[in-house]
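Each remark here refers to the structure printed beneath this line.
Any read-out appearing in this document is the output of simple, stated calculations on the displayed coordinates, not a laboratory observation. Since this is a predicted model, take the numbers as computed values, not measurements. Because the Cβ atoms are built from the backbone with ideal geometry, glycine has one as well, and the counts that use them run over all protein chains shown.
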Amino acid sequence: MKILIVDDKASIRATMKIILVHLGLSDITEAVDGEDAWYKINDEAEKGREHMFELIVSDMEMPGMTGLELLRAVRTSPEVGKTPFIMATTVTARQIILETMRLGIQAYIIKPFDAHTVELKLKQAGIL
Amino acid sequence: MSNDGHDCLDAMSSEFIAEIKDDLASLEPALLAMEKKGAGTDDDLINHAFRSIHSIKGGAGFINFKELSSLSHAMENVLMRVREKTLVITSDIADALLTGFDKMKLMVERIGKGEACDYEKEKIALQNILNPDKKALGSLASTTQFPSVHKDSDYLPAEAYQVLKPLGTSTIFQGHEFLVDKKRLDHALAGQKFIYAVYVRFETDLRARNKGEDAIVDDIQSIGDILFSDLEESRGQEEREGFFCVISTILDLPLLSQVLEIGKTQMTLVDRQFADYETLVKGVSSRVAKDKPAPEPVEPVPAEPDEDSAQGASESILSASSTAQTLRINVDLISRLMNRAGELVLARNQLRPFLAENAKENSLASGIMQNLDMVTTDIQEAIMQMRMQPVIDLMGKYKRVVRDIARRISKKVDFILEGGDVEVDRTVLEKLANPLTHLIRNCIDHGIESPKERVGRSKPETGTIRIKTSHQGGQVHITISDDGAGIDPQLILSKAFEKGLVTEDQVDKMTQKEKIALIFLPGFTTSEEITDISGRGVGMDVVKTNIESLRGRIEIDTVKGEGTRVHLIIPLTLAIVPSLIVSTGAFKFAIPQVSIKEILYLEKGTVQNQMENIAGSEVLRLRGRIFPVIRLRTLLGIRTYIEATGTGEKEEEKRKALADRRQDAVGQDAIEDSKKRMQKKDRRRHHWDTTYVIVLKLGENLFGLCVDALYDIEEVVVEPLSEYIRHLKCFAGTTLLGNGDVITVLDIQGIAAFSSLKFDSIKTAEEKRNEAKEKEAKAKGEKRNLIIFCSGKNEYFALELKNISRLESLNPGDIHYTGHLKYVEYKGHAVLLFSMDEFLPVNEFELTTDEIFAVFPKHISSRVGIIASAIIDTIETDQLIDRDDTCPEPVLGKLFMDGRMVQVLDPDKFAEMIEEKLMMTKGAGASRENPHS
Amino acid sequence: MKPTLNNHNFQYITFRLARNLIGIDILDIREIVPCIRVTKVHRAPRFVMGLMNLRGQILTLLDIGVLLGMEKPGRNSGSHIIVFKHTNVGFAVDQIGDVFSIGREKIESIPVNIDPGIQQYTDTIINRPEGVMMLLNAGKILSCVRTETRPSKEDL
């Protein structure tokens, strides 16, 4: 399972990575913000279907392109539009949650998360 | 396995704290800027602040730091409103945000110390911003009205439906069961969705929020599926206050509550017979469980060490391309690395002779050496670079300090920072914090006037404090300037006088700058009343001491009514100190170059002549200034073992202590070295009783240190003294020379203290002596040794012999002309020559004779001479020198000698004139060059 | 006599100081290095022999002979430096002996009639065929700056 973790905080990326690796998901790429992620998603997609990310775990609040914008970009893309997407954020503003839900996400993880939560959410998202 | 996950999180908490600190650091300037810009704040800034607080909240949650999490949440709420443009930051709001910020900072500082922070006050202040009407909404008890018991109809076929029981103890759902479509339920369960029962109140949840029933249904449908709803049934039934629904969603309960804007008490998970169901519940409640004192996992975790996955973890972490450009490194580690780099340099130096030896036979060796040199130097530089920190890290904090103080005392101040990217060693930066704070406080408290006063003086209402930092030649210059009231030297003077810090006599002789410098005296303060900001009487002297302990210096410029400028000059780093290596007897020492004002060479025979004894100290007279001199030999109790050459030395050596003997070996090298140097560069011969006097600066005072020989200036890495010798005042530390020798670094301040130098008593004694001399001279006429020389044909001048360093005879052909400037070559240097007509209204000097002379006065740069057509005589006379109004400035007076009128020059004024002349030629040179460039 | 690597045994290294045989626990020692150029520290206490460069680290050398009151300052002309563990502090000795290993029970406390100056830095002895050997207490030696009150000759 090829996973992209998007967060501007190195510590969060590392935490998520540790958890995912513990859950047996070790093919992990990191992106530091929405734009970085968007480039990486498309770069991989260009290499062919088998290179595409199979899950995106993204933060919401990031400098530049936010997680919501990234989600919107992903969902409106014909190539990668169906990639499972998990939000991992502290944002609890209802408009944003509603919007992400409308765009379609597989899980909404509230930071702080722990291994249990992530495991559960990945199960919910059908990843595990 | 999940346990491992938790451990990893714990291990990372320091990383989180570090990031929280970073975010805090970036939050403060953003808040301050937002306050300043008010409604005009740009989105970037707001977003930046919002992101910072948001990250803090996130990080706090991760390390389970509830206090911080809660407070940052309150701050976030306020900033959210700002971001939505429904709130503009006023000073009051900024106050609440900033005090909240302070508390957060305190919390972070106290983290792990087990002290709880009370943050209710700050939190309420923040909440009050959002709810100005309702004060202190602590925990809002929900005004629950129990819904009338709702009975489910049980007429539906059991196969197609499943009964769901709400979990939990909420009275809202007590006794309720819901029948839901089994197919849809199974679908939701297959997706591991949460199934919630929700009670929606018509009044508070919908009407009060201007929300229609459709809207809530819409919302629910965007986040999940509605499995059951009794909305239709409840419609129109007046006794019903709300409706129930069962929904499936991936959202956690708190989020659901947030999205639907329905209280958490009105929703609950529902029971069902599903294997994974327990997991789901546990997942949600796991954090709650963690927060409790004994957070043991509920179910026993299989303790199988999962080798494979652990390995996979480390591998993937290692292989993943890191996107980070910066890395946090422990300072101790850097220090260790730096020490090791020092060792590397040393090893390289030791290796060098071997490689040089080999280079003759093997051409590879020199290449290896070069490579090693380059790499070593590069490593050393890189490590030094690692210790560097931009000054903004410190200066940025003052924005807040300025704002707070200004607000407290109702002054308006703009704070401008320039050159924040200048980098200095972190230890220097740390030590700058206190003095800078003090200086800035002074600026606001004493410098900037109240807005009213400022307007009265037709200045802008808002004062400006500006800190400018720049690099200049290996040093950092920091200028703190304000456009405030300036310092009144008269006021300083009267204060200092009042406090008995100066005497009336002293005051008369003081220059403007010296008067201002009085504020550096211990116990000086001018504030009429003691404010809580400054004026406690401990101030500038502490600032000065602090700056000097950094081997820096401080200067003040001020114009009354216009402002003050404080200039700090500090070294880039404390670790590497350019030092002069000197020796006395067989021992070498390092003297920090910054303390050295100049170096004098006293030849055999002249040592005694030039040293005097005043007030019990040996003193030296230099250009009219007198200062105490310490002999390093006496200071350190160094006995001389090596008297000359010959066999006596060896015999003596046998009796000597091991340490001394070994040191002698070093000393021998040193002396050999020194001799070579003397032969090569120095025209003077070396005698054991000749001496070098290193003139050292100690604040405003000077003192001399006699040493035997000088070596190079080396960049030494100063290491602290071990505890066994730390109490020795004379040493600042130890260091290794390039050749591997250990030497001590002299502590200038310590030496002065150790020798109990009494600068003041020497000064007063000297003053008295001078007065007496003057009186005597006036009464009798003083004996003077004069040298009389002729300029032009028959104009005669005299200078006292002691003011002349040497006389040279020249051939007019040796003179080189550049424009109107005349030069001669002297020992490979160009020496500038002036003739008397360039200073005095006398006849022009004409080169008529075959031989001319150059007189080199002391007290000025050795590269200047005066042309004389002849040296007439040296005389000793006590003849009174007549001074009349016709005497031009540098002429002390006239006297008659063998029928010639001789104008006696005033050495000090003449020297001044020459210096001026030098300046002018420099200036002229510069201005001539300009048109070309 | 080969040292055994038995942890229950006490291992010590011996050296001579003014005709006395002295031992020190090898666990207190970081390393033993040849004595090279020693820099005297002027006005330092009597028991400070000087400074030495050990691979770029500056060692402070104590004069153990002075500390134990067995020698006058400057008498000790050691060929090797014993460096204490975890420190940059060492002392010079003339002849390094072998490493010996004995049972801990063989260590005895120092007889009370021994010079109090010596007792300040040693509290145990080992009876050896050639005579009594004092065992240095490294901790006490390292903290000598706090116990040593005899003024330096230089200060007088």
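Numerical summary
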{"item": "Listed peptides B:30-37, B:184-191 by packing density, highest first (mean Cβ within 10 Å)", "result": "B:30-37, B:184-191"}
{"item": "Gyration tensor (alpha-carbon) shape descriptor, chain A, a/c threshold 1.5", "result": "rounded"}
{"item": "Chain A: most fluctuating residue of A:Ile96, A:Ile19, A:Ile109 per GNM, C-alpha cutoff 10 Å", "result": "A:Ile96"}
{"item": "Whether region A:6-45 is rounded, prolate or oblate, judged on the alpha carbon gyration tensor where a/c under 1.5 counts as rounded", "result": "oblate"}
{"item": "Residue order, fewest to most surrounding Cβ atoms within 10 angstrom, among B:Val695, B:Val402, B:Val542", "result": "B:Val542, B:Val695, B:Val402"}
{"item": "Burial order of peptide ranges B:743-755, B:831-843, B:241-253, C:107-119 (average beta-carbon count within 10 Å, highest first)", "result": "B:241-253, B:743-755, B:831-843, C:107-119"}
{"item": "Residues with amide H under 5 Å from that of B:Glu449, placed H, sequence gap 5 or more", "result": "B:Ala485"}
{"item": "10 Å Cβ neighbours from other chains, averaged over peptide A:83-90", "result": "2"}
{"item": "Shielding of B:713-725 by partner chains, average beta-carbon count, 10 Å", "result": "4"}
{"item": "Region B:382-508: C-alpha gyration tensor shape, a/c 1.5 cut-off, then a/b vs b/c", "result": "oblate"}
{"item": "Peptide ranges A:65-73, C:126-134, B:713-721 listed from the most packed, as the mean C-beta count within 10 angstrom indicates", "result": "A:65-73, B:713-721, C:126-134"}
{"item": "Neighbour-count ranking [beta-carbon atoms within 10 angstrom, fewest first] of B:Arg201, B:Arg553", "result": "B:Arg553, B:Arg201"}
{"item": "Phi to ³J(HN,Hα) by Karplus 6.51 cos²θ - 1.76 cosθ + 1.60 over region B:544-552, Hz, x for Gly, Pro", "result": "5, 4, 4, 5, 5, 5, 8, 6, x"}
{"item": "Computed over region B:188-260: relative contact order in percent, which uses C-alpha pairs under 8 Å that are six or more apart", "result": "44 percent"}
{"item": "Taking C:Met49, B:Met611 and counting other C-beta atoms within 10 Å, the order from fewest to most", "result": "B:Met611, C:Met49"}
{"item": "Amide hydrogen neighbours beyond the local backbone of C:Arg46, cut-off 5 Å, H modeled", "result": "C:Ser152, C:Lys153"}
{"item": "Percent RCO, i.e. relative contact order, over chain A, from Cα pairs under 8 Å lying at least 6 residues apart", "result": "22 percent"}
{"item": "Integer Hz, Karplus 6.51/-1.76/1.60 couplings in order for region A:99-107, x for Gly and Pro", "result": "5, 4, 5, 5, 5, x, 10, 8, 7"}
{"item": "³J(HN,Hα), Karplus 6.51/-1.76/1.60, whole Hz, each residue of region A:10-24, x for Gly, Pro", "result": "4, 5, 5, 4, 5, 4, 4, 5, 4, 5, 4, 5, 5, 8, x"}
{"item": "Residue-averaged beta-carbon neighbours from other chains (10 angstrom radius) around A:7-17", "result": "6"}
{"item": "For B:Tyr826, distant residues with modelled amide H under 5 Å away", "result": "B:Val831"}
{"item": "Alpha-carbon centroid distance for the pair region B:395-442 / region A:1-55, whole angstrom", "result": "42 Å"}
